[in-house]
Amino acid sequence: MGSRGFITIDRAIDDWRWRDNNTALGLWLHILLSANWKSGWFMGQEIPRGSFATSMRRMSEDTGLSEKTVRKWLK
């Protein structure tokens, strides 16, 4: 496994109201791990650091959640 850097998670997450919901926590963690650590490009568009290009379908495939569930939690 190559090193792609790390993310820091504050212990205050224990106070987050959705902390015990595995779906919400898993999706949130997926988003954190997917975000660009430096600016990049996708289909001619610059994607800044901290952002990433995806779709509901891709997030569904990556997380094993249904598209409906991904949409619900992103909303």
Tally, over segment 28-75, of residues that are in contact with a strand residue (DSSP E or B) (Cβ under 9 Å, 6 or more places away or on another chain) and more than 30 Å from residue 14 (Cβ to Cβ): 6
Going by the conditions given, is residue 8 hydroxyl-bearing (Ser, Thr, Tyr), open to solvent by 60 Å² or more (accessible area, probe 1.4 Å) and more than 13 Å from the chain's Cα centre (by Cα)? yes
Listed by first then second residue, the pairs whose first member lies in segment 60-72 and is closer than 15 Å to residue 22 by Cα and in contact (Cβ under 8 Å) with a residue 40 or more places away in the chain, whose partner is among the hydrophobic types (A, V, I, L, M, F, W, C) and surrounded by 13 or more Cβ atoms within 10 Å (Cβ to Cβ), with beta carbons under 6 Å and at least 6 positions apart or on separate chains, are 70/56; 70/59
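The values are calculated or read from the model by the stated rules, or taken from the named source; none is laboratory data. Bear in mind the structure is a predicted one, so any value in this text is a computation, not a measurement. Reconstructed Cβ throughout: ideal geometry from the backbone, glycine too, with neighbour counts over all protein chains shown. The area values use the complete protein model at the heavy-atom level, side chains included, leaving out ligands, DNA and RNA. Shrake-Rupley method; radii C 1.70, N 1.55, O 1.52, S 1.80 Å.
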